[in-house]
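Reviewing the structure listed below.
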Amino acid sequence: MMQFIHKYGSPKYFYEWSGRWAKILTWATLVLMAAGLYQGLFVSPPDYQQSETVRIMYIHVPSAWLSMFTYMVMATSGIVALVWRIKVAEIVVGQCAIIGASFTVLALVTGMLWGKPMWGAYWVWDARLTSELVLLFLYVGVIAIYSAYEDPRTGAKAASILAIVGVVNIPIIHYSVEWWNTLHQGPTVTKFDSPSAPASMLIPLFIMFFAFKTYFFAILFARSRNELLMRERESSWVQQITKELK
Amino acid sequence: MHLFLFILQRDLKLAIRNRRELANPLVFFIIVVSLFPLGVSPDRALLSEIAPGIIWVTALLATLMSMDSMFRSDYEDGTLEQLLLLPGSKVLLILAKIIAHWLSVGVPLIIIAPIMSLLLYMPEQTLPSLLITLIISTPILSLLGSLGVALTLSLKSGGILSSLLILPFYIPVLIFSTMAISAAADYLPVSGYYALLGALLIMSVLLIPFAVVAALKVSN
Amino acid sequence: MPSSKNTQVHTLSARNLSCERGRGSLFKQVSFSLESGQAMIVTGVNGAGKTSLLKIITGLSRASEGQVSWDAKDIHQHPETYQKQLLYIGHRAAVKAELTVRENLQLIMRLRPSQWQATEMTMGLVELAEIIGLRNRLSVPCGRLSAGQQRRVALARLFISHEKCWILDEPLTALDVSFIEVIEKRIAEHLNNAGILMLTTHRGIRIDDARVITLKL
């Protein structure tokens with residue numbers, strides 16, 4: 001296990017294998033996105049209650065789901081960074097914070113666009129949107145502490161501690177917001193399970209899930225490789241690469 | 001005397017010697033609560049409905065304001081380094097410091113809050129729930145706040161950043177506490193909320209000190 | 001004065017320590033080995049990284065590369081054995097301004113690591129105050145003392161220490177000549193008792209040349 005981590009975590013090795021995967025994943029993303037969007041935007045039927053606006057769901061739901069998934073990846077990476085002090089893990093923590101925040105913003109914006117025709121207001125304090133908002137605050141906190149430190153390695157350690165504490169808190173926050181919401185009888189924007197959604201809606205949704213997932217990994221690898229080059233620019237293998245590029 | 005008690009006693013002694021600074025968060029609390037009737041409306045029905053929220057949000061902010069004093073003095077004069085170099089687990093020592101801080105800041109807050117609740121027309125039946133939620137929750141606020149301070153101790157912009165980091169974590173505490181008080185206002189059962197808050201307290205006491213020690217090591 | 005009960009030989013060694021700060025590195029590939037009875041003086045210009053090196057040696061910070069070992073064991077994997085033998089006095093005096101000299105000395109006597117070895121207190125508080133020349137100031141809050149006097153309180157640790165490894169960052173700052181002599185005598189005693197010493201200083205310090213290794217950053 002230790003050797004596995006050290007091998008895949010070593011900057012040079014990571015650079016190489018993530019480069020190969022980044023290419024594959026980018027193609028996969030393009031294909032899946034195209035398929036999913038086509039299915040979602042054109043082929044699948046409009047909802048009998050919400051008509052065409054339900055199509056926003058095909059972007060909103062996957063991005064909300066990814067915003068959570070990214071936090072898990074960030075926290076896991078944080079544990080690896082703290083316990084084994086792997087530089088690549090430290091970079092991943094920082095990148096996940098930015099990517100996760102972007103997914104969260106996307107989820108919030110699409111949620112607001114969905115809400116307007118449905119409820120007549122851009123923002124409603126429903127459980128899902130409120131949780132996403134709090135998640136955004138958590139991401140902003142991680143980004144803030146990461147960048148507040150001059151030395152990126154120290155910043156990564158502090159950010160990792162925050163991310164790990166955050167991951168424990170997320171279920172608690174969700175639960176408390178749910179409870180708060182049901183008590184105050186708020187509206188729900190994102191329920192699509194009654195009546196249960198037909199296959200023609202679920203299929204594009206699943207395609208979009210996978211599309212977002214491959215996109216996440218593709219962009220994570222691409223950005224991490226970039227930052228890795230920046231940080232390791234003094235080392236010999238990076239000098240080698242820059243020489244070859246010239 | 002066990003080192004835990006020794007540190008607790010030392011920090012309390014230091015707090016008493018610095019008692020003028022202790023008053024600041026309390027004054028803040030009083031002034032800000034008073035701002036709400038001025039800024040919103042002195043209408044009795046309105047105020048008594050939003051009172052739990054006002055008291056609680058202001059208590060959160062006052063606690064955050066007081067947090068900086070927890071480690072800053074020890075950090076600046078080098079005592080923190082000495083503590084971190086002691087063999088054995090530092091978790092208990094840090095817990096002693098947090099308890100001392102809560103005693104010097106949280107407890108006065110708990111004492112003043114009922115008086116402020118009068119200003120906001122909070123109904124009498126909510127008083128016990130106000131006190132109990134404060135007693136259970138203010139330690140949680142101190143624990144989380146100390147994590148924020150520990151993470152930002154060596155940074156220039158420490159104070160406001162640590163508040164930004166910790167405020168989202170305060171949300172469950174805020175929600176459960178205010179819901180408890182609102183339930184008490186309608187004579188509904190509150191023990192469920194107390195149990196939840198109690199569970200949060202136990203979890204925080206068991207887990208947060210470890211994170212704080214890790215964060216202090218990073219800051220040094 | 002505390003005398004050593006065991007005559008075990010200890011080693012403090014560093015291997016290939018590098019310290020990176022932001023854009024560049026402060027120092028690279030620093031290695032050394034110190035044995036009982038040896039002292040190392042770290043020299044270098046301001047900002048060369050002397051304090052950072054000392055902090056890495058104590059284990060408060062971590063080097064970006066390299067390893068520090070006490071008795072051949074990595075200090076981060078076996079922190080307790082090392083910490084029990086470690087006395088660190090940093091730049092900042094670790095003296096609380098609001099507490100009196102007496103209270104600070106009580107703190108010092110209570111917190112020192114060798115307490116954990118349950119050695120009996122070989123010196124009383126008043127005696128300790130006498131040694132650092134502040135017997136008449138026991139009830140004065142340390143905030144009202146001069147810089148030199150505060151440093152004397154900080155250095156009181158040296159006189160009750162059973163620890164074998166002393167790491168001192170600019171210990172002689174603000175001290176007057178007569179007290180510097182007292183400190184030098186204590187250091188010589190420490191080295192005679194199989195102690196190890198590592199320090200930085202801007203002023204000269206008199207230590208038996210045979211025992212001294214100099215490290216320039």
field: Residue among C:Glu65, C:Glu80 that alone is surrounded by fewer than 19 Cβ atoms within 10 Å (Cβ to Cβ) and either within 28 Å of A:Met230 (Cα to Cα) or outside the structural domain of C:Ile183 (by TED's automatic domain parsing) (or both)
entry: C:Glu65
statement: By residue number, the members of region B:57-83 that are surrounded by fewer than 22 Cβ atoms within 10 Å (Cβ to Cβ) and more than 14 Å from chain C (Cβ to nearest Cβ) are B:Val57, B:Leu61, B:Met65, B:Asp68
- line: Exactly one of C:Ile57, C:Ile75 is free of Cβ contacts under 8 Å to residues at least 24 places away in the same chain, within 13 Å of another protein chain (Cβ to nearest Cβ) and under 17 Å from C:His10 (Cβ atoms), and that residue is C:Ile75
- prompt: From B:Leu46, B:Leu60, which residue is free of Cβ contacts under 8 Å to residues at least 12 places away in the same chain, farther than 30 Å from C:Gln106 by Cβ and among the hydrophobic types (A, V, I, L, M, F, W, C)?
  reply: B:Leu46
field: Selection from region B:166-184 of residues that are facing another protein chain (nearest Cβ under 9 Å) and touching a Leu at 6+ places or on another chain (Cβ under 6 Å)
entry: B:Ile166, B:Pro168, B:Phe169, B:Phe176
query: Quick one: is A:Ile164 at pLDDT 85 or above, more than 10 Å from every other protein chain (Cβ to nearest Cβ) and either buried (at least 17 other Cβ atoms within 10 Å of the Cβ) or in a helix (DSSP H, G or I) (or both)?
result: no
- prompt: Regarding B:Leu118, is this residue of a type outside the set (Lys, Arg) and more than 14 Å from the chain's Cα centre (by Cα)?
  reply: yes
- request: All but one of (1) modelled with pLDDT of 85 or more; (2) of a type in the set (D, E, K, R); (3) in contact with a Phe, Trp or Tyr (Cβ under 7 Å, 6 or more places away or on another chain) hold for A:Glu90, so report the exception by its number.
  value: (3)
task: May I ask you to list the residues in region B:112-136 that are more than 11 Å from B:Pro52 (Cβ to Cβ) and among the hydroxyl-bearing types (Ser, Thr, Tyr)?
output: B:Tyr121
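Could you identify the single residue in C:Ala129, C:Ala210 that is assigned to a helix (DSSP H, G or I), farther than 23 Å from B:Gln82 by Cα and aliphatic (A, V, I, L, M)? It would help to see each step written out before you state the result.
On the way: C:Ala129 fails: farther than 23 Å from B:Gln82 by Cα.
Exactly one of C:Ala129, C:Ala210 is assigned to a helix (DSSP H, G or I), farther than 23 Å from B:Gln82 by Cα and aliphatic (A, V, I, L, M), namely C:Ala210.
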statement: Note on region C:182-204: residues acidic (Asp, Glu) and within 17 Å of C:Gln85 (Cβ to Cβ) are C:Glu189
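The values are calculated or read from the model by the stated rules, or taken from the named source; none is laboratory data. Just so we're clear, the structure is a prediction, and the values are computed from it rather than from any experiment. Cβ atoms come from the backbone with ideal geometry, glycine included; neighbour counts cover every protein chain shown.
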